[in-house]
Amino acid sequence: MASSSRMESDGDDEAEVEEEEVEHFDDFTLASSWERFISDIEAVCRQWMADGPKNLLKKDAREVSEDLYKVKSELKFSAKNYCMEYYFGNKNEGKVIDWNSTLHDLQLCFGVKEFLVIAPQSASGVVLDAPEASKLLSAVAIALSNCSSLWPAFVPVHVPSRKAYIGIQNMGTVFTRRFEADHIGSQVPVKLMHLEGLYELFVSKFAYSTLDFSMHLFKVHFTMKLTYRSLPHDDDVQGDDPNVTESEIDLGGDTHNRTQWDDDCPWSEWYSAEDPIKGFELVAIWSEKVVESSLEMAELENYSPHEAQNWILSPDMSSSLTDSSKGNRIGFASQLCLLLEALNMSFEAQFMEDFVSVENPGSNNLKSSMVIPPPTVIDRVLKELFHDGARFPDVAAAEHKTARAIKGAPRESLFAQFCLHSLWFGNCNIRAIAVIWIEFVREVRWCWEESQPLPLMPTTGAIDLSTCLINQKLHMLAICIERKRQLNEDFQDCIGSQDHSSPQIEEDSLDEDSSSIMQTPGENFDGKRDSSPATSDDSQHSENSVSIVSTKSEDAEPTDLKPSDCIRRGSAGVAGPMMLLKSYQSMHAPFTQEAPLMTEDMHEERLHAVEAFGDSFNFSAQLEKEILASDMSAFKAANPDSVFEDFIRWHSPGDWESDDKKETGSSKSPAIEGSKADWPPQGRLSKRMSEHGNLWRKIWNDATALPASEQKPVMDPNREGEKILHYLETLRPHQLLEQMVCTAFRASASTLNQTSYGGLKQMATKMDQLYITMTSALRPLQANHLSPGSETIEDIRRLCGVFEHVEKLLAIAASLHRKFLQAPRLSEAIFSDCCSFYFPRMGTSSSGDNAQKEFDKKQPVRAHERLVVSNMFTPPTANQSWRKVLTLGNLLNGHEPILREIIFSKRDKISGNHYAARTPTIYQEEVETYRMYTCGTSNDLRVALSVVSCD
């Protein structure tokens, strides 16, 4: 047993020794941590090369800029963590340097397409130690060489503010390119501020230092990009510069002589918007050319930017375009949101007075959070609404074609103006709205009691039932006020004429026809002529009968009337060839009273009454009894020998079954055929008219022969006016706010729709879409079934967001149109870029990749557009404190470039050197042996140099 256990223990010891030998196996091909680091880099690079750009885009590649992406990998070396990033593009064709595209900093500095960057994962993100930087760069270079990769590699060095890099690139078996970049942040040598000094700096990199560069010729390829920025909007200096002519403004120059940029915009009556375009950046590009001396460079510095081959323009957009926070929203959209909150609170009270009453128990909370403007502000608003001489304009053509689909009031109407004022009154809270509404109704009542015209409301015409009910009521009240005023004036005129008339005149007037002795005051507006045309023989007679309704009745009689017949009164002319049934006379169409005006709620009441009593013909006639009686009395007066059947033939021809096919006419469409030889007309009443106890016949029997001028008006203006005022004074808060919301949206959109933005079709499309969206979202408010916190309120809240987006785009369109009056193509192109960039981002959160991006779209400027663009760069005035001594040259209207970028390059043929035998075919012609990129102003300078050597 002992021997067996000893043998087992010996076997276990041998197994442990073998495991230890396996665990401590050393691979002498990776002898050091640095070589392991190289191996890790090589493995990552091989994986990226194997995947290729298309697969990397499908994996974890992130977009850096347009057509530039990156992937990264974390590495560890000597207890430090590093991050290696690979930058690549999806399209690798084209030139390396393209000023028009958005390039990465290293692409621009060194002219590379795809590249690697390795940096420590530290707070600074740069290598502060020179030996460490060299070691990192060597490791990457060896790894890329092992992979047979031609990617350039860069290591950031020094401090982040210097933007310094060192780099290397293996260009094959012969050539190696080395990179180095650094930055001077202050005290730039004066010589390096000028093109001549920069040229000599580049030449010094490959020429002998003992040479006088100004005396020798060196062929250097040169290209330059200058960036100019227009002046910021400054109210203090506007109008101080007398050198800006009117023609410059007309050409599209900055409208700096106005106090605000949007003074002539329709919304300026309510608020002043920030100019969404703060300025412009202009890039002038000189194409590549060969210079041979520093003297040529000195001459180039005096060139005007107009001599540059290419101009590229980009607007400097305001950051508020994508900021939708409540504190930064100024416009109709922000106030409409507040009005919507007032609608949500309007259900808390029964009457508007409850929101301002001290007896209301909930008023304390309202008072603490909602402020009412002082009485002076209230008086100012009421004066603007009820100022003398305000009349309702004809704005049918000014409104959008689909505006009538929104059940609100027209923009120029009284109620619409009240809603627009309410948006800006007391921050549009419910208490402020209650106060201004109560005062508004008081002013309306004063107009009624004093018979003063209601401003901004028409006094004639039919009630537009497509508008909101309050607007219908105000329209009807304006007509009632006008009729009431005419009644009073006619009554006073009648009394005055009787007081001043002589007895002889009174005796003569008594001898006249009784119809002209005393006219009722409502004659001028209650009487109307039937729409039926008269025959050619009676046309002149008909015109005379319209203009003088109250003249002697004999003037309106036809020639065939017998002297023994009764006197005809109130005739508007012969009703075509129609003849009376019981007398050999032509039928005359009478003047009739206008149908009584009815608002939407009155129509609904009548409809409900009809539905409650069924479709009885007699009940419908009962509802129209007053109108029927008026028409029958007027018909009897115009046709003294007429019978009930004659009235039916004229008023309701469908209820007369004629046996004579020739007589098919009526007062509205008289038959051309027919003559007195066809008398008497043959036919009979319809079944419903011939029934026993027919209400129409009863009304006919009771009607007296009175022309319309002597009848009592069908509509009593005093009674209807008081009804309207009672409606306004007892209107429920939520019903008022619902109509205010619809009207405010319609009026605000109509105001914005007056904006002039030229031929920007995309803006017109956005406005069309806004109206369609408003119509859909506001339709539930018309049903009057809204409840607090309903989905409809949330839908309208989202509508406010859409309205805000369109309002911002409209401000952009208006600003572009004013700046590019003589260059409409530029305004259309820039606005198209703005629509595609901003509209998806408007209303989004400020966090996220999309929100962090800035508008960077650029548009090329054509030759005929350069004058318009250059006029935007107005010459700086002497009192502008930021103006400094100009040092860079290439001035544009007195402006020096804010940034100057230059690329110098030298190309050499290599076929004649001692490495030519092993030179690959691709390098047989020319190689860019030296390249220097400079970027800076008079205060700083950045230089990036790349040199190709044969190793």
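The values are calculated or read from the model by the stated rules, or taken from the named source; none is laboratory data. Since this is a predicted model, take the numbers as computed values, not measurements. All Cβ positions, glycine included, derive from the backbone under ideal geometry; neighbour counts span all protein chains shown. Note: areas computed on protein heavy atoms with side chains; ligands, DNA, RNA excluded. Shrake-Rupley method; radii C 1.70, N 1.55, O 1.52, S 1.80 Å.
Numbers at a glance
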{"quantity": "Qualifying residue in the range 650-661 (condition: over 19 Å from LYS582 (Cα atoms) and modelled with pLDDT under 85)", "calculated": "yes"}
{"quantity": "Test: residue in the range 175-190 that is over 30 Å from TYR82 (Cβ atoms), open to solvent by 20 Å² or more (accessible area, probe 1.4 Å) and touching a strand residue (DSSP E or B) at 6+ places or on another chain (Cβ under 9 Å)", "calculated": "yes"}
{"quantity": "Among (1) closer than 20 Å to VAL947 by Cβ; (2) part of a loop (DSSP other than H, G, I, E, B); (3) modelled with pLDDT under 90, the one test that LEU217 misses", "calculated": "(1)"}
{"quantity": "Restricting the range 775-795 to residues that are out of contact with any Phe, Trp or Tyr (no Cβ under 7 Å at 6 or more places or on another chain) and either assigned to a loop (DSSP other than H, G, I, E, B) or assigned by the TED database to the domain that holds GLU348 (or both), the residue that is most open to solvent (accessible area, probe 1.4 Å)", "calculated": "HIS785"}
{"quantity": "Selection within the range 283-324 - more than 28 Å from MET872 (Cα to Cα) and either touching a strand residue (DSSP E or B) at 6+ places or on another chain (Cβ under 7 Å) or exposed (fewer than 14 other Cβ atoms within 10 Å of the Cβ) (or both)", "calculated": "LYS289, VAL290, VAL291, GLU292, LEU295, MET297"}
{"quantity": "Of the criteria (1) assigned to a helix (DSSP H, G or I); (2) among the hydrophobic types (A, V, I, L, M, F, W, C); (3) within 30 Å of LEU781 (Cα to Cα), which one LEU731 fails", "calculated": "(1)"}
{"quantity": "Options LEU810, LEU799, LEU821, LEU816: the member that is more than 15 Å from the chain's Cα centre (by Cα), closer than 25 Å to TRP267 by Cβ and either of a type in the set (A, V, I, L, M, F, W, C) or buried (at least 16 other Cβ atoms within 10 Å of the Cβ) (or both)", "calculated": "LEU821"}
{"quantity": "First in the range 819-838 and without any contact (Cβ under 8 Å) to a residue 60 or more places away in the chain, second anywhere and surrounded by 19 or more Cβ atoms within 10 Å (Cβ to Cβ) and assigned to a helix (DSSP H, G or I), Cβ under 9 Å, 6 or more apart", "calculated": "ARG825/GLU865"}
{"quantity": "Selected residue (criterion: modelled with the lowest pLDDT) from residues of the range 590-627 that are open to solvent by less than 30 Å² (accessible area, probe 1.4 Å) and closer than 18 Å to ALA572 by Cβ", "calculated": "GLN593"}
{"quantity": "Among the residues listed as PRO713, PRO670, the single one being farther than 30 Å from LEU487 by Cα, at pLDDT below 90 and not acidic (Asp, Glu)", "calculated": "PRO670"}
{"quantity": "Positions within the range 325-343 being modelled with pLDDT of 90 or more, farther than 14 Å from LEU420 by Cα and either open to solvent by 50 Å² or more (accessible area, probe 1.4 Å) or not in a helix (DSSP H, G or I) (or both), in sequence order", "calculated": "GLU341"}
{"quantity": "Options VAL159, VAL140, VAL174: the member that is farther than 29 Å from GLU928 by Cα and β-branched (Val, Ile, Thr)", "calculated": "VAL159"}
{"quantity": "All positions within the range 754-767 that are open to solvent by 40 Å² or more (accessible area, probe 1.4 Å) and touching a His at 6+ places or on another chain (Cβ under 8 Å)", "calculated": "SER756, GLY758"}
{"quantity": "Residue within the range 164-178 that is modelled with pLDDT under 90, hydroxyl-bearing (Ser, Thr, Tyr), in the same structural domain as ILE38 (by the TED database) and not in a helix (DSSP H, G or I) present", "calculated": "yes"}
{"quantity": "Failed criterion for LYS205 (all others in (1) assigned to a loop (DSSP other than H, G, I, E, B); (2) in contact with a His (Cβ under 9 Å, 6 or more places away or on another chain) hold)", "calculated": "(2)"}
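Yes/no per residue for (1) among the aromatic types (Phe, Trp, Tyr); (2) at pLDDT 85 or above:
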position	(1), (2)
ASN694	no, no
ILE699	no, yes
ALA703	no, yes
PRO707	no, yes
MET740	no, yes
ARG746	no, yes
TYR757	yes, yes
MET763	no, yes
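Okay, residues lined up against (1) modelled with pLDDT of 60 or more; (2) assigned to a loop (DSSP other than H, G, I, E, B):
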position: THR844; (1), (2): no, yes
position: GLU854; (1), (2): yes, yes
position: TRP882; (1), (2): no, yes
position: THR887; (1), (2): yes, yes
position: ILE910; (1), (2): yes, yes
position: VAL948; (1), (2): yes, no
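Yes/no matrix, rows are residues, columns are (1) farther than 28 Å from ASP105 by Cβ; (2) exposed (fewer than 14 other Cβ atoms within 10 Å of the Cβ); (3) modelled with pLDDT under 90:
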position: ASP12; (1), (2), (3): yes, yes, yes
position: GLU21; (1), (2), (3): yes, yes, yes
position: HIS24; (1), (2), (3): yes, yes, yes
position: ILE38; (1), (2), (3): no, no, no
position: GLU42; (1), (2), (3): no, no, no
position: CYS45; (1), (2), (3): no, no, no
position: ASP51; (1), (2), (3): no, no, no
position: GLU63; (1), (2), (3): no, yes, yes
position: GLU74; (1), (2), (3): no, yes, no
